[in-house]
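To start, the structure itself, in structure tokens.
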Amino acid sequence: MTAANTTNILTEPPVLRITPPQGWWEVDFHELWRFRELIYFFVWRDIKVRYKQTAIGAAWAILQPALTMLVFALFFGKLAHLPTEGLPILVFYYAGLLPWMYFSNSLTNATAAITQNQNIITKVYFPRLALPISAVLSGLLDFAIGLLLLIPLMAYYHIRPGISLLLFPAFLLLAVLLALGAGLWLSAMNAMYRDVRYVVPFLVQFWMFASPVAYASSIVPAKWRWLYGLNPMAGVIEGFRWSLTGRGDPPGRMIIVSVLMALVVLATGLIYFQKMESTVADVV
Amino acid sequence: MSDAAIRVDGIGKRYRVGQRESYRALRDVLSNAFRSNGRRKPKDFIWAVRDVSFEVKQGEVVGLIGRNGAGKSTLLKLLARITRPTVGRAELHGRIASLLEVGTGFHPELTGRENIFLSGAILGMSKAEIVRKFDEIVAFSEVERFIDTPLKHYSSGMGMRLAFAVAAHLEPEILLVDEVLSVGDASFQKKCLGKMQDVSRAGRTILFVSHQINQIRRLCQRAFWIDAGQIREHGSTATVANLYEANSRDVQASSDTGTNLGRAQFLRWEIEGANGDLANVLVRDREVRLKFIAKVAQPLRNIHHGVALYDQARRVLWGNGIDGVNLEPGIHELVCAIPSLPLQPGVYHWRVSLYDNGERIDDWDCSPPMFVSTEPRTHRQDEFAGILNVPSEFTIRCLPTEHVVMP
């Protein structure tokens, strides 16, 4: 669709051309931008409904990572004595769990994004990308609330974030893009094959143990650590810990590999999602 | 720029058989891949829409009629961009809104207020637009008191009113509507139709799918009859609607033969002067001469001949008869002349009979039924239109005060 430019919108209405699917790359970012208000409304709906359906509402966003932190600290830290990069155990696990929980919740929500909205998809047009995008964005509120607990936690242990905090938004962006990339794959697959959602919990669990949530990536020999970055969540989590606390070494080559990997997941996710998009209304 | 709002060129949509019915499971795909050893089953395809081309001018209201599964809804979904065509192309000039369901995007956990914003945004309104029209939408919906109550506590009627209030305030240049008016009660339908006519008066282009032919007659200037994925007929609504109705009744007519006692039998009937194919269609309100053709086997003396008119609900609208009829063996034409049949457009049934002293000779439910497709002269809302289609003239004047008698 050609974007109408605002000066002649009164004289000439926008022209919409409908054609069969063409080529492997039709992603229209202009159109997506024009639908930004709809994305906002989807995010707003997801958050409203989620908080209305849980009795304790926003408190859940803190309880979930906090309780997991305690369990991890007890078993992995106190009992298994896994190294924590010189960070207090609680800070180490909480700083790792925050991005992980954001990521895993986003994956779960994005997987269901198409199937849960099939009644809308079969009745009205909008760029279908708006659904997984809003699923990934709506998790950011929980993430922000969870982040609040980190402040007293770090204050208690006298950890002062340094200049590295400036890079925190970049790592957050990486987490969002990676969640979107993987979410695109899963939501498209789930729309075509409805049993995918049974595979997702396993995938999430598997992915967690392959990521430095319960341990530090320093247990991987330095020589191979860049290879560990092929799991982009490794770069994200180490980046979070480093940028928030300022302790330890910046994740160097590993983060470059993670960024490249995340971009590959996102690009292939967009292509696969768009391939599904043209036929989704016929199958859901 | 030409004045075409919608231009469709050779559009087609093909489905794989079974694809439309259900989604697949990854498990099936994997197990099939192993079982079939790489051999693929030949695929069966069906064309839900095939090689359809047409143009709709700006401000035109066009109806799509056809049987279930004929492809009219698929055609609408192609234009609404809900699904992509397999071949062909289309061009739409203007802002588009599709109304394939009332209450698209409603969420039961959210309040009426929240749902107005959500549904409005999904149907294509901007936030500023919804804020601007919010009070108007609430007033139209008549659910002011419950606007901050979650939708799950609404009755279905209230939810429907709220949903339509949102839809009615869309301001597209092109509106695609599918069957939404078939839901809801009579007063709801009335409101919908009234609002839709407002929309068409405002010069908007509307493509309208409905099973209710009379709604199409009322709203649309032109109609397309979609059959087996293709446009079978197109033209003025009156012509297309009549052809469609005549066709859908033909199927029944062949099995509907008169009773035969051997002495005489009605064979067929027609409206005198009507042209060949449409001998059962009444197009003008003037003198009607009904011809009933009967084959008489034995001489009939002093018998009774009756004619009656029924509506779709099998209510007798009119009936009359004569006694003392004498018929010799042979083919006879029994003509009944009526100066005027001012009936609402629709389907009616004639019934003719021959009785000998209370004993039936033949009593025939005439087929095909009669279609009346005269110009409606009645209230535009069906429930106030009644049965008769008579011309009327309103005169309103102000009386001098001395004429007014106070009680």
* modelled with pLDDT of 75 or more, within 13 Å of another protein chain (Cβ to nearest Cβ), on the phi < 0 side of the Ramachandran plot and touching a helix residue (DSSP H, G or I) at 6+ places or on another chain (Cβ under 9 Å), is that true of B:VAL61? -> no
* **Options A:PHE171, A:PHE143: the member that is assigned to a helix (DSSP H, G or I), touching a residue at least 24 places away in the same chain (Cβ under 8 Å), within 20 Å of the chain's Cα centre (by Cα) and buried (at least 22 other Cβ atoms within 10 Å of the Cβ)** => A:PHE171
* What helices (runs of 4 or more DSSP H) lie completely within the stretch A:202-284 and have 2 or more residues being among the hydrophobic types (A, V, I, L, M, F, W, C), surrounded by 15 or more Cβ atoms within 10 Å (Cβ to Cβ) and more than 14 Å from chain B (Cβ to nearest Cβ)? -> A:232-245, A:253-277
* Structure fact -> Of A:ALA188, A:ALA222, A:ALA210, the only residue that is among the hydrophobic types (A, V, I, L, M, F, W, C), over 17 Å from the mean Cα position of the chain (by Cα) and over 19 Å from A:TYR94 (Cβ atoms) is A:ALA222
* Which residues, taken from the stretch A:171-201, are aliphatic (A, V, I, L, M) and either at pLDDT 95 or above or in contact with a His (Cβ under 6 Å, 6 or more places away or on another chain) (or both)? -> A:LEU172, A:LEU173, A:LEU174, A:ALA175, A:VAL176, A:LEU177, A:LEU178, A:ALA179, A:LEU180, A:ALA182, A:LEU184, A:LEU186
* Asked: Pick from B:LEU118, B:LEU207, B:LEU110, B:LEU151: which is at pLDDT 90 or above, touching an Asp or Glu at 6+ places or on another chain (Cβ under 8 Å) and either on the phi > 0 side of the Ramachandran plot or among the hydrophobic types (A, V, I, L, M, F, W, C) (or both)?
  -> B:LEU151
* Looking at the stretch B:89-138, which of its residues are among the aliphatic types (A, V, I, L, M), part of a loop (DSSP other than H, G, I, E, B) and more than 7 Å from chain A (Cβ to nearest Cβ)? -> B:VAL102, B:MET125
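This table checks each residue for (1) modelled with pLDDT of 95 or more; (2) in contact with a helix residue (DSSP H, G or I) (Cβ under 6 Å, 6 or more places away or on another chain); (3) within 14 Å of another protein chain (Cβ to nearest Cβ).
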| site | (1), (2), (3) |
| --- | --- |
| A:PHE126 | no, yes, yes |
| A:LEU131 | yes, yes, yes |
| A:ALA135 | yes, yes, no |
| A:GLY162 | no, no, no |
* **helices (runs of 4 or more DSSP H) wholly inside the stretch A:4-108 containing at least 3 residues that are surrounded by 14 or more Cβ atoms within 10 Å (Cβ to Cβ) and within 14 Å of chain B (Cβ to nearest Cβ)** => A:36-53
* Asked: Say we look at the stretch A:184-198 and pick out the residues that are in a helix (DSSP H, G or I) and either touching a strand residue (DSSP E or B) at 6+ places or on another chain (Cβ under 6 Å) or over 18 Å from A:SER106 (Cβ atoms) (or both); which of these is farthest from the other protein chains (Cβ to nearest Cβ)?
  -> A:TYR198
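The values are calculated or read from the model by the stated rules, or taken from the named source; none is laboratory data. The shown structure was predicted, so the numbers you read here are calculated from the model rather than taken from an experiment. All Cβ positions, even for glycine, are placed from backbone atoms using ideal geometry, and neighbour counts span all protein chains on display.
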